[in-house]
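Undergrad: I'd like to ask some things about the structure below.
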Amino acid sequence: MATWVFATNNNHKLEEARSILPNRLGIVSLKDVSFLKEVDETSSTFAGNAELKARAVFEEVGKPCFADDSGLCVTALNLEPGVRSARYSSETGPVDHLQNNLKLLKNLKHTDDRSAYFITVICLIDSEGQTSFYEGRVFGEISREMKGVHGFGYDPLFIPQGYDQTFAELGEGVKNKLSHRSVALRKMLEDLE
Ligand code: ITT
């Protein structure tokens, strides 16, 4: 059976992909292929960073793979934190999701426009080294306080359109139906089949 390496160090992303994609795709992790390097995300675009991550793994491991770069874009903040979502509260320190959420709440404190979207761009590299890109978005609003325990990142603050609870309250069943990542992964799956 063919296997696809999901080039991510984020175990939540890996779990989401494994529950959205069929088992027959044989998704393996970076750990499974002993890829231990950190890839610097130096591009100013989601597609550019997704390609950097996928390319680094393809070149070292030689197996078909895909990577996603994702983030939260908030209308009232000129679409920030965007590509800097992981390191919003500190460019240099370790990723701190709590501090990121607190910074976002602070920056939106006096703002009534709470609209935002999550975006994912996947870069897939096939066994011949050909790249393809798939994008997914989910629109919603930023809550006035953090709520819920599921998911990761900004999930405690993101209320998807049509719901009145955050992704972190709604849990993985709902998130995996609606999310930016699930939209992009389903486009990728359609293309592969
Ligand atoms: P890899 O690069 O190893 O895949 P990462 O967590 O560093 O893992 P990104 O560079 O794509 O991933 O950064 C994504 C950041 O955007 C992440 O740290 C969160 O802050 C936010 N984010 C992305 N997808 C999210 C989601 O589904 N739920 C909540 N926050 C998300």
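Undergrad: Scan segment 8-45 for residues that are more than 26 Å from T92 (Cα to Cα) and either of a type in the set (A, V, I, L, M) or surrounded by 18 or more Cβ atoms within 10 Å (Cβ to Cβ) (or both) and jot them down.
TA: Of everything in segment 8-45, those that are more than 26 Å from T92 (Cα to Cα) and either of a type in the set (A, V, I, L, M) or surrounded by 18 or more Cβ atoms within 10 Å (Cβ to Cβ) (or both) turn out to be E16, A17, I20, L21, L25, I27, V28, V33.
Undergrad: Could you please tell me which pairs satisfy a Cβ distance under 6 Å, a separation of 6+ or placement on different chains, a first residue in segment 9-30 that is within 16 Å of A54 (Cα to Cα), and a second residue that is of a type in the set (F, W, Y)?
TA: L14/F6; A17/F6; I27/W4; I27/F6
Undergrad: Every residue in segment 106-156 that is hydroxyl-bearing (S, T, Y), under 30 Å from V61 (Cβ atoms) and in contact with a Ser or Thr (Cβ under 6 Å, 6 or more places away or on another chain), please.
TA: The answer is T120, and nothing else.
Undergrad: Determine, yes or no, whether I159 is touching a residue at least 40 places away in the same chain (Cβ under 8 Å) and not in a helix (DSSP H, G or I).
TA: Details: touching a residue at least 40 places away in the same chain (Cβ under 8 Å): no; not in a helix (DSSP H, G or I): yes.
Judged against the criteria, I159 is not a match.
Undergrad: So how many residues does segment 47-71 have that are touching a residue at least 24 places away in the same chain (Cβ under 8 Å), more than 8 Å from the ligand (Cβ to nearest atom) and not aliphatic (A, V, I, L, M)?
TA: Total satisfying the criteria: 8.
Undergrad: Hey, among the residues in segment 54-71 that are in contact with a Phe, Trp or Tyr (Cβ under 9 Å, 6 or more places away or on another chain) and part of a helix (DSSP H, G or I), which one's surrounded by the fewest Cβ atoms within 10 Å (Cβ to Cβ)?
TA: E60
Undergrad: Have a look at L189, L157, L178 and point out the one that is within 25 Å of N23 (Cα to Cα) and surrounded by 17 or more Cβ atoms within 10 Å (Cβ to Cβ).
TA: L178
Undergrad: Suppose we filter V5, V74 for residues that are in contact (Cβ under 8 Å) with a residue 40 or more places away in the chain, crowded, with 17+ Cβ neighbours inside 10 Å, more than 11 Å from the ligand (Cβ to nearest atom) and under 19 Å from G153 (Cα atoms); which single one remains? If you could, list the steps in order and put the result at the bottom.
TA: Working: V5 fails: under 19 Å from G153 (Cα atoms).
None of the others qualify; the one that does is V74.
Undergrad: Answer yes or no: is there a residue in segment 135-144 that is at negative phi, under 18 Å from the mean Cα position of the chain (by Cα) and part of a loop (DSSP other than H, G, I, E, B).
TA: Scanning segment 135-144, I find no residue that is at negative phi, under 18 Å from the mean Cα position of the chain (by Cα) and part of a loop (DSSP other than H, G, I, E, B), so the answer is no.
Undergrad: Another question, if that's okay. Can you say whether V95 is closer than 22 Å to R18 by Cα and either without any contact (Cβ under 8 Å) to a residue 12 or more places away in the chain or within 15 Å of the ligand (Cβ to nearest atom) (or both), as far as the supplied structure shows?
TA: On the way: closer than 22 Å to R18 by Cα: no; either without any contact (Cβ under 8 Å) to a residue 12 or more places away in the chain or within 15 Å of the ligand (Cβ to nearest atom) (or both): yes.
When the stated conditions are applied, V95 does not pass them.
Undergrad: Name the residue that is farthest from the ligand (Cβ to nearest atom), counting only residues in segment 127-173 that are out of contact with any helix residue (DSSP H, G or I) (no Cβ under 9 Å at 6 or more places or on another chain) and closer than 27 Å to P64 by Cα.
TA: The residue in question is E128.
Undergrad: Sticking with this one: List the pairs whose first member sits in segment 165-193 and is without any contact (Cβ under 8 Å) to a residue 24 or more places away in the chain, whose second member is basic (K, R), and whose Cβ atoms are under 8 Å apart, counting only residues at least 6 apart or on separate chains?
TA: Cβ pairs passing all conditions: Q165/K147; T166/K147; F167/K175; A168/K147; E169/K147.
Rule-based calculations on the coordinates, nothing more; no lab input. Note that the structure is a prediction, hence the values are computed from the model and not measured. Cβ atoms come from the backbone with ideal geometry, glycine included; neighbour counts cover every protein chain shown.
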